[in-house]
Amino acid sequence: MKIIDKELVFLDDQLEGEEIVHAERKLSDIAGIFQDESARASMDQDQFAYEVDCHFPVEEGTLGGLFFGITKLYPGKVGDEYFMTKGHFHAESERAEYYWGIKGHGVLILMDRDGNTWGEKMYPGSLHYIPSHIAHRVANVGDELLSFGACWPSDAGHDYETIATDGFTARLKEVDGVPTLIPSK
Ligand code: M6P
Ligand code: ZN
């Protein structure tokens with residue numbers, strides 16, 4: 001009857017352990033997600049937009065498991081649109097997810113299959129239940145790093161294609177200094 005230390009640690013916004021997988025998204029990796037693509041293309045392509053650390057205890061696609069991730073989204077704007085994650089529906093659409101705010105201030109942008117888009121404020125301690133069939137993306141509306149946690153089923157997968165093709169029906173822009181959802185053209 002051993003008690004083991006798996007040395008898998010989640011403290012503050014740091015996720016550490018042997019099995020942690022790190023991914024980086026530079027401005028060059030997120031071409032096409034902002035309305036003003038020429039503004040994005042004119043910026044430093046090596047600038048980080050966000051980084052993700054994930055614990056994948058089972059293979060992607062496994063029924064019955066969970067994945068856990070910490071996303072660090074840098075402050076910045078492309079034109080008047082805030083830095084944001086690519087955003088996705090789940091490939092297995094009937095899968096939900098939790099997000100929670102750890103550091104900084106942002107907006108979780110949500111869209112249903114009928115194209116209704118809305119937002120939820122993210123801040124340290126905010127908790128967000130993302131129901132199944134709802135696309136989700138996060139924008140950093142502050143001047144500091146935004147860190148948030150996520151936990152989702154290991155068979156959910158990511159459908160980026162629908163967002164790449166159709167986008168969200170609204171974009172989060174700074175209007176008179178205020179984060180505002182503006183219908184996409
Ligand atoms: C969260 C989870 C991940 C996702 C990441 C970045 O950590 O939802 O599944 O990959 O955010 O978001 P995206 O994949 O939309 O760029
Ligand atoms: Zn998701």
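The values are calculated or read from the model by the stated rules, or taken from the named source; none is laboratory data. If you're wondering where the values come from, they're calculated on a predicted model, not measured in any experiment. No Cβ is skipped: glycine too gets one built from the backbone with ideal geometry, and neighbour counts run over all protein chains shown.
Residues of segment 144-160 being near ligand 2 (Cβ under 10 Å from one of its atoms) and not hydrophobic (A, V, I, L, M, F, W, C), which ones?
Pro153, Gly157, His158, Asp159, listed by residue number.
In a loop (DSSP other than H, G, I, E, B), closer than 22 Å to Glu24 by Cβ and in contact with a strand residue (DSSP E or B) (Cβ under 6 Å, 6 or more places away or on another chain): is that true of Pro75 in this structure?
yes
In contact with a Phe, Trp or Tyr (Cβ under 8 Å, 6 or more places away or on another chain), more than 27 Å from Thr169 (Cα to Cα) and not hydroxyl-bearing (Ser, Thr, Tyr) - does that describe any residue in segment 87-95? If you could, list the steps in order and put the result at the bottom.
Keep residues of segment 87-95 that are in contact with a Phe, Trp or Tyr (Cβ under 8 Å, 6 or more places away or on another chain), which gives 87-88, 90, 95.
Checking which are more than 27 Å from Thr169 (Cα to Cα) leaves us with none.
Checked segment 87-95: no residue is in contact with a Phe, Trp or Tyr (Cβ under 8 Å, 6 or more places away or on another chain), more than 27 Å from Thr169 (Cα to Cα) and not hydroxyl-bearing (Ser, Thr, Tyr).
Taking the residues in segment 31-59 that are under 18 Å from the mean Cα position of the chain (by Cα) and in contact (Cβ under 8 Å) with a residue 40 or more places away in the chain as candidates, determine which candidate is nearest to Phe148 (Cα to Cα). Working first, answer last.
First pass over segment 31-59, keeping only residues under 18 Å from the mean Cα position of the chain (by Cα): 31-35, 47-56.
Within this subset, residues satisfying the condition of being in contact (Cβ under 8 Å) with a residue 40 or more places away in the chain are 32-35, 55-56.
On the way: Gly32: 23, Ile33: 20, Phe34: 21, Gln35: 24, His55: 14, Phe56: 17 Å.
Selected residue: His55.
What are the pairs with Cβ atoms under 6 angstrom where one residue, in segment 174-185, is hydroxyl-bearing (Ser, Thr, Tyr) and the other, located anywhere, is in a loop (DSSP other than H, G, I, E, B)? Sequence gap at least six, or different chains.
Correct list of pairs: Ser184/Gly167; Ser184/Thr169.
Could you list all residues from segment 31-72 that are of a type in the set (Asp, Glu), loosely packed, with under 12 Cβ neighbours inside 10 Å and closer than 28 Å to Pro153 by Cα?
Applying the first criterion (of a type in the set (Asp, Glu)) to segment 31-72 yields 36-37, 44, 46, 51, 53, 59-60.
Next cut, loosely packed, with under 12 Cβ neighbours inside 10 Å only: 44, 46, 59.
Matches in segment 31-72: Glu59 only.
Taking segment 94-139 only, how many residues are in a loop (DSSP other than H, G, I, E, B), over 20 Å from Leu11 (Cα atoms) and either away from ligand 2 (no atom under 11 Å from the Cβ) or out of contact with any Asp or Glu (no Cβ under 8 Å at 6 or more places or on another chain) (or both)? Working first, answer last.
Keep residues of segment 94-139 that are in a loop (DSSP other than H, G, I, E, B), which gives 94-96, 104-105, 112-116, 123-126, 131-134.
Imposing the further condition that a residue be over 20 Å from Leu11 (Cα atoms) reduces the set to 94-96, 112-116, 131-134.
With the extra rule that they be either away from ligand 2 (no atom under 11 Å from the Cβ) or out of contact with any Asp or Glu (no Cβ under 8 Å at 6 or more places or on another chain) (or both), the set shrinks to 94, 96, 112-116, 131, 133.
Looking only at that region, the number is 9.
A quick yes/no check of all residues on (1) within 16 Å of ligand 1 (Cβ to nearest atom); (2) closer than 18 Å to Tyr98 by Cβ; (3) at pLDDT below 95; (4) small (Gly, Ala, Ser):
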| residue | (1), (2), (3), (4) |
| --- | --- |
| Asp13 | yes, yes, no, no |
| Val21 | yes, no, no, no |
| Ser28 | yes, no, no, yes |
| Ile33 | yes, no, no, no |
| Asp46 | no, no, no, no |
| Asp53 | yes, yes, no, no |
| Ile70 | yes, yes, no, no |
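Applying the selection to segment 150-175, what residues are over 14 Å from Tyr82 (Cα atoms) and surrounded by fewer than 18 Cβ atoms within 10 Å (Cβ to Cβ)?
Once the filter is applied, which keeps residues that are over 14 Å from Tyr82 (Cα atoms) and surrounded by fewer than 18 Cβ atoms within 10 Å (Cβ to Cβ), segment 150-175 yields Cys151, Gly157, His158, Asp159, Tyr160, Glu161, Thr162, Ala164, Thr165, Asp166, Thr169.
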